[in-house]
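J.: Have a look at this one before I ask anything.
The values are calculated or read from the model by the stated rules, or taken from the named source; none is laboratory data. The shown structure was predicted, so the numbers you read here are calculated from the model rather than taken from an experiment. For neighbour counting, all protein chains shown are included, and Cβ atoms are generated from backbone atoms with ideal geometry for every residue, glycine included. Surface accessibility is based on the protein's heavy atoms, side chains included, excluding ligands, DNA and RNA. Shrake-Rupley method; radii C 1.70, N 1.55, O 1.52, S 1.80 Å.
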Amino acid sequence: MDIIDSFIAPLCNDFVRILYQDEAILLISKPAGLLSLSGKNPLNRDSVHFRLVHGQHGVSPAFSHAKLPHRLDFGTSGIMVVALTEQATVHLNKQFQAGTVQKRYTAMLEGWVSADEGLITAAIAKDKSQFPRVIICNNTGKAASSAFSVVQRFTAPHRSLVQFNPHSGRTHQLRIHSLSMGHPILGCDLYHSASSRQLAARLLLHASDLYFDHPLTGERQHGHVDLDFNDFSKNINEINVMKNALTYWL
């Protein structure tokens, strides 16, 4: 029986921002509410890849050979690396498959996370009855681990700003891991409590940092995009993303 995805993405008015460009790669800032790749449904044609390949009028040119070695979920914002050549695509794909790419995320969670830091190790499996959800299942799931540290705790309502360093890359990993410890990410439509979904207008999950080896030079690169989660209540605004999004060579 074929799984049918009935999701139709709403219009995303934010642009894909080009943060860094050379002959092999782009570093971009993906807005929340935009697919990484176009969907099978023609109504879901708009995506990061579609905009890069066809260009964004008045914003960025067309990169006809652009490929996405990795993707971010529809609701997640933040840093992505884009390959512009076949060599770069192969090189970056190998890094992601080997697990040598380091990722860091920022998320706003419901409630106060009691531990200042920790490691979530819970196997993840597809939920065959509720596509595209996943579930925690130690019997049939694939191993997954997410390190976390609490950056700040807030009141009215209680919530925790958390930094995640995932050690694996399972579908919806940070969202289901957050829920599994009793603190779902605010604004998440798939993994939520009775109130966490309504506390934010978007999923408060942001890919802030990406470390990888440049496919031409082999040098370690660090891409960063900052985002302010203080205004969590219905209007989450990027603060000077172009100014604060810096590329560092380590």
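J.: Scattering from the C-alpha atoms of the range 1-80 alone, worked out with Debye: what is log10 I(q)/I(0) at q = 0.13, 0.15, 0.16 1/Å?
T.: Cα-only, vacuum Debye calculation for the range 1-80: -0.39, -0.51, -0.58.
J.: Along the principal axes of its C-alpha atoms, what lengths does the chain span, in descending order and rounded to whole Å?
T.: 46, 46, 35
J.: With a 10 Å radius around each residue's Cβ, average the other Cβ atoms per peptide and rank 19-25, 137-143, highest first.
T.: Put in order of decreasing packing, that is 19-25, 137-143.
J.: Post the alpha-carbon centroid distance, the range 144-159 to the range 9-26, in whole angstrom.
T.: Between the Cα centres of the range 144-159 and the range 9-26 lies a distance of 29 Å.
J.: By how many degrees, 0 to 90 and rounded to 10, does the Cα axis of helix 86-98 deviate from the longest principal axis of the chain?
T.: 20
J.: Another question, then. Using 0.36 nm per residue, how much length does the chain from ALA194 to HIS167 gain when fully extended, once their Cα-Cα distance is taken away?
T.: Taking ALA194 through HIS167 to full extension adds about 6.8 nm, to one decimal.
J.: Within the accessible area of the range 82-159, what % is carbon and sulfur when the probe is 1.4 Å and the other protein chains stay in place?
T.: So the carbon and sulfur contribution to the accessible surface is 50 percent.
J.: Enumerate the amide H contacts of ARG17 below 5 Å, restricted to partners 5 or more residues apart or on another chain; note that Pro and chain-start residues carry no placed amide H.
T.: SER29
J.: If you don't mind, another one. Assuming R0 = 41 Å, can you tell me the calculated FRET efficiency for the pair VAL151 and HIS57, based on Cβ-Cβ distance, to the nearest 0.05?
T.: 0.60
J.: Take every Cα pair under 8 Å in the range 121-197 that's 6+ residues apart, average their separations, divide by the length, and report that relative contact order as a whole percent.
T.: Result for the range 121-197 is 22 percent.
J.: Sticking with this structure for a sec: Just to verify a number: what accessible area does HIS54 come out at with the full protein assembly present, 1.4 Å probe, Å² rounded to tens?
T.: We get 120 Å² for HIS54.
J.: Give me the percent relative contact order of the range 46-87, please, defined on Cα pairs under 8 angstrom at least 6 residues apart.
T.: Over the range 46-87, the number comes to 30 percent.
J.: Compute, for ARG153, the solvent-accessible surface of its heavy atoms (probe 1.4 Å) with the complete set of protein chains present, and express it in square angstrom to the nearest 10.
T.: 90
J.: Using a Gaussian network model on the chain with a 10 Å cutoff between Cα atoms, which of MET80, MET181, MET108 fluctuates the most?
T.: Residue with maximal mean-square fluctuation among MET80, MET181, MET108: MET181.
J.: Calculated from DSSP H runs of 4 or more alone, at -39500 (n - 2.57) each and per residue, what is the 222 nm mean residue ellipticity of the chain, nearest 500?
T.: Taken over the chain, the calculation gives -3500 deg cm²/dmol.
J.: Can you work out the accessible area per residue across the chain, with the rest of the protein chains kept in place, probe 1.4 Å, in square angstrom?
T.: For the chain, the solvent-accessible area averages 52 Å² per residue.
J.: Then there's this: In whole Å, what are the extents of the range 1-144 along the principal axes defined by its C-alpha atoms, from largest to smallest?
T.: 47, 35, 32
J.: Related question: What percent antiparallel are the DSSP beta bridges of the chain, to the nearest 5?
T.: Antiparallel: roughly 95 percent of the beta bridges in the chain.
J.: Let me ask something additional. Where Rh denotes the Kirkwood radius from the mean inverse Cα pair distance, what is Rg over Rh for the range 82-168?
T.: Over the Cα atoms of the range 82-168, Rg/Rh equals 1.08.
J.: If the viscosity is 1.002 mPa s and the temperature 20 °C, what Stokes-Einstein diffusion coefficient in µm²/s follows for the range 166-235 when Rh is the Kirkwood radius over Cα pairs?
T.: So the translational diffusion coefficient is about 153 µm²/s.
J.: Can I ask one more? Sort 71-79, 207-215 for me by packing, meaning the mean count of neighbouring Cβ atoms within 10 Å per residue, highest on top.
T.: Top to bottom by mean Cβ count within 10 Å: 71-79, 207-215.
J.: ARG133 to SER6: FRET efficiency via 1/(1 + (r/R0)^6), r the Cβ-Cβ distance, R0 22 Å, to the nearest 0.05?
T.: 0.95
J.: For the range 48-90, state what percent of all Cα-Cα pairs lands in each successive 5 Å bin, counting from 0 Å until the bin that includes the largest distance.
T.: For the range 48-90, the pair-distance distribution reads 5, 22, 26, 25, 17, 3, 0.
J.: So what is the relative contact order of the chain, in percent, for Cα pairs below 8 Å that sit 6 or more residues apart?
T.: Relative contact order comes out at 17 percent.
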